[in-house]
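Student: Would you mind keeping the following structure in view while I ask a few things?
Each reported figure results from applying straightforward, stated rules to the coordinates on display, with no laboratory input. Quick caveat, the model's predicted, so the values are computed rather than measured. Glycine also receives a Cβ, built like all others from the backbone with ideal geometry; neighbour counts cover every protein chain displayed.
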Amino acid sequence: MTISIRPHHLLCMLTYLGKGYTPQFVVNYDKIVERINSGEAIKIVNGPDDICKPMLPEADCHCHNENVLGRDAHALSQIVSVIGEDVGAGHILHLSPERISKLRSRFRKGTLRAACSGCQWQEFCTSIAENNFRHCRLTSAASSKKNKSSDDA
């Protein structure tokens, strides 16, 4: 099984701490991140994805807005430059610990943030990056197992 993810949400996941638009949004996002941390693959999609689902019934849902679609286009081109893979709609992607680390490094430096311009969460995400992504929920399967092993020791 795969999780559908729009490109700019690949950036959002890097700083996700369990906060979001609504309680339903957060519950859904937590489940998605848990699946990714367990090793489930991501399928890149154009437009609303599995993270957007709780927002879609709302009358003022922003998931189809032009600025959000533009954010996806910016994010996609930057992600491609970081991971060195042509990632487009329909592409299956695995977020390995190395990929997450590489993306977070570039995000912290600000070289992976053009898509974040104008986002209401931008300052919040910047503070998380400055705090070395402490307590972020996206860990990846390998780093989760490593953390459990060190907790058992």
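Student: Do you know which residues across region 117-129 are surrounded by 12 or more Cβ atoms within 10 Å (Cβ to Cβ) and assigned to a loop (DSSP other than H, G, I, E, B)?
Tutor: Once the filter is applied, which keeps residues that are surrounded by 12 or more Cβ atoms within 10 Å (Cβ to Cβ) and assigned to a loop (DSSP other than H, G, I, E, B), region 117-129 yields C119, W121.
Student: If the requirement is being over 19 Å from P97 (Cα atoms) and surrounded by fewer than 16 Cβ atoms within 10 Å (Cβ to Cβ), which of these qualifies: G84, G39, G47?
Tutor: The conditions single out G47.
Student: For region 16-116, give me every one of the helices (runs of 4 or more DSSP H) that falls completely inside it and has 3 or more residues that are under 19 Å from T139 (Cβ atoms) and out of contact with any Pro (no Cβ under 7 Å at 6 or more places or on another chain).
Tutor: Because the criterion is at least 3 residues that are under 19 Å from T139 (Cβ atoms) and out of contact with any Pro (no Cβ under 7 Å at 6 or more places or on another chain), the helices (runs of 4 or more DSSP H) in region 16-116 that meet it are 23-37, 97-109.
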